[in-house]
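The values are calculated or read from the model by the stated rules, or taken from the named source; none is laboratory data. From a predicted model like this one, the values you see are computed outputs, not experimental measurements. Note: ideal-geometry Cβ built from the backbone for every residue, glycine included; neighbour counts use all protein chains shown. What goes into the accessible areas is simple: the full protein's heavy atoms, side chains included, and nothing from ligands, DNA or RNA. Shrake-Rupley method; radii C 1.70, N 1.55, O 1.52, S 1.80 Å.
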Amino acid sequence: MDNHGSEVDSAPGKVYEEEHLSVDIPETAHQISSDSWFQVGFVLTTGINSAYVLGYSGTIMVPLGWIYGVVGLILATAISLYANSLVAKLHEFGGKRHIRYRDLAGFIYGRKAYSLTWGLQYVNLFMINTGFIILAGQALKAVYVLFRDDGALKLPYCIAIAGFVCGLFAICIPHLSALRIWLGFSTFFSLIYIITAFVLSLKDGIKAPERDYSIPGTKTSKIFTTIGASANLVFAFNTGMLPEIQATVRKPVVGNMLKALYFQFTAGVLPMYAVTFVGYWAYGSSTSSYLLNSVNGPVWVKTMANISAFLQTVIALHIFASPMYEYVDTKFGIKGSALAFNNLSFRILVRGGYLTVNTLVAALLPFLGDFMSLTGAISTFPLTFILANHMYLVAKKNKLNSSQKLWHWLNVCFFGCMSVLAAIAALRLIAVDSKTYHVFADL
C-alpha cells in the first residue's frame, strides 16, 4: 500500500490535457466552501447512520453469518476509508477545485469519462433515494400496524405518503449547506431509532431461547446471497458523491475533508456496528430486513422509533438527491432568493417530478435488500473503488513506484470482478423476489 500524502500536485502532468480542456465545467448555483469539517463530518455520518442501518442485520449478517459478517464489515470500513481518502486528496488536482465527481473524472480522463461518471452517479443516487423512500414507507406502515393491523393501509400507500413528504422537504431546503440545523435533528432522530432498536433487541436476545445462526437457503442461493451481501457491505459506507460533499467544506479542503472522513469512519460507524451486531445476535437468521419489525416492546417506544426513522430518512434523502438538484439548478441558472416565485415554482416542478419517479419505482418494486445489492454492484463498486484507485493511479503515475502501481491495479481488477458478480447476484435476487411477490407488493 502506498504512502499517500495529503498534498496534491499543483500541475496535472500528462493527464489527457487536450481532451479534458474540451469539457465544459459549469459553475454552481449552490454554496461552496461554507461549512466546517465537523458539519461535513455530520453530513457523512447522517448518511452512514441513516435508517438503512435498521436493515443491515438482515441484509448483511443473515447471508454472511457471524464470522464473515463481522470481518466483512470491518474490512469494508477500512477499504472504504482508504478509497474515499484517495478521492479527497484529488479534490484540488491540477491546481483547481473539482466540486463534482464528474468534473474530476472529466479533468483526468476527458469528455467521455465525464458523461459516464455522471451516468453512474445518477443511477447510484437515484437507487439510494428509491431505497430511502421504501424505508420511509416501511416505517409508516410499521406505525400503522402497531395500532391497527387490519391491512387497510398497504405499503404502496405508505410509500406514496413518504414520497410526498420528501418532496415537500426538498422544495423547502434549497441546497446542501442549508441543512445546517436539520443535521442536528437528523442526529437526534438517528439516536432514537438506533438506541431503541439496540435496547429492545438486547432485551429480546437475553430472554430468547437459543437462536439459529445458520445461513438460510440452498447451496446455489447461498452463493448468490453471499455475493449480494458483499455489495451491501460497500453500500453501507459510501455515498458516491464525495466531491460534492467536499465542495461545501472550508479551506484547506483536503485536510478538512480527511478530518471529516476520519470522524465518519471512527465515531460515525459505532452506532451502526452496535445495532447491526446486536440485532443479529437477538434474532439470528430470522432477523427482518427492517429491524424494528422484529423487536418487542412498548407500543409508544416502537412508535417513536419508527417515526424517528421516517423523519431521518426524509433528511438523509435530501443529502443524496442534492447532486441532482445542483445539476438542474445550475443548468437553468437558478439564483437569488430561495423564496422567489420563479425559484420556488422551479423546485416544485423539477424536484417534485424527480421524487415522483423515485416514489413510483419504490412502490413498484419495494425490495429493499435487492436495491441495496444492485446499487452497490453497479455504482458503488465502480465509483468508490474502481474509479478512485484508477484516477489516483493516472493522476499520480509519476510519483508512484512499481509496487504502488501494482497495488492500485490489483484494487481495480479485484473490485471490477466483484462489481460484475454482485450485479449478476442482485439481478437474480430481484427476479426471484418479483416471482415470489407481485408489483406494488404489500410486504
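Over all projection directions, the Cα-based convex hull of the range 303-365 averages an area of 5.6 nm².
If I take R0 = 51 Å and measure r between the Cβ atoms of Tyr122 and Ala208 in this structure, what FRET efficiency does the formula 1/(1 + (r/R0)^6) give, to the nearest 0.05? Rounded to the nearest 0.05, the efficiency is 0.70. Taking every alpha-carbon pair in the range 213-351 and binning the separations at 5 Å intervals from zero gives 2, 7, 10, 14, 15, 13, 13, 11, 8, 4, 2, 0 percent. Under a Gaussian network description of the chain, with springs only between Cα atoms under 10 Å, the residue in Trp118, Trp407, Trp66 that fluctuates furthest is Trp407. Available extension along the chain between Ala152 and Asn342 is 64.4 nm, counting 0.36 nm per residue and deducting the alpha carbon span. Here, the chain is characterised by an Rg to Rh ratio of 0.96, where Rg is the alpha-carbon radius of gyration and Rh the Kirkwood radius. Taking max minus min of the alpha-carbon positions on each principal axis, the range 198-279 gives extents of 54, 35, 13 Å, largest first.
Over the chain, Cα pairs under 8 Å with separation of 6+ residues give a relative contact order of 33 percent. If you take all other residues with their beta carbon under 10 Å from the beta carbon of Gln39, and give Lys and Arg +1 and Asp and Glu -1, the sum is +1. For the range 166-171, 3J(HN,Hα) computed residue by residue from phi via the Karplus equation (6.51, -1.76, 1.60; θ = phi - 60°) reads 4, x, 4, 5, 4, 6 Hz, glycine and proline entered as x.
Determine which residues of the range 63-99 fall in the zone a paramagnetic label at Ala267 would reach in this model, i.e. backbone nitrogen under 20 Å from the point 7 Å along Cα→Cβ. Once the point is set 7 Å along Cα→Cβ of Ala267, 77-78, 81-82, 85 turn out to lie under 20 Å by backbone N, inside the range 63-99. Computed over the range 268-320, the alpha-carbon pair-distance distribution with 5 angstrom bins reads 4, 16, 20, 26, 22, 9, 2, each value a whole percent. In order along the range 281-297, the Karplus-derived 3J(HN,Hα) couplings, from 6.51 cos²θ - 1.76 cosθ + 1.60 at θ = phi - 60°, round to 4, 6, 10, x, 6, 8, 4, 6, 6, 10, 3, 5, 7, 8, 6, 10, x Hz, and Gly and Pro are given as x. In this structure the chain gives 41 Å² per residue of accessible area when probed at 1.4 Å with all protein chains present. Projecting the Cα atoms of Tyr354, Pro323, Gly55 onto the charge dipole of the chain (Cβ charges, centred on the Cα centre) puts Pro323 farthest toward the positive pole.
Rule-of-thumb check for the range 70-129: C-alpha Rg over 2.2 N^0.38 Å?
On the way: Rg = 13.8 Å, N = 60, 2.2 N^0.38 = 10.4 Å.
Cα Rg divided by the expected 2.2 N^0.38 Å: 1.33.
The distance separating the Cα centre of the range 148-171 from that of the range 259-287 comes to 27 Å.
Assign unit charges at the C-beta atoms only (+1 for Lys and Arg, -1 for Asp and Glu), then state the dipole size of the range 107-266 relative to its Cα centre in Debye, rounded to the nearest 20.
For the range 107-266, the charge dipole is close to 420 debye.
Under Stokes-Einstein, with the Kirkwood radius over Cα pairs as Rh, the value for the range 95-241 at 10 °C and 1.306 mPa s is 81 µm²/s. This model, with +1 at the C-beta of Lys and Arg and -1 at the C-beta of Asp and Glu, gives the range 37-181 a dipole about its Cα centre of some 480 debye. Measuring nothing but alpha carbons in the range 301-418 and taking Rh as the Kirkwood radius, the Rg to Rh ratio lands at 1.12.
Quick one: dipole size for the chain, taken about the Cα centre, charges +1 on Lys/Arg Cβ and -1 on Asp/Glu Cβ, in debye to the nearest 20.
140
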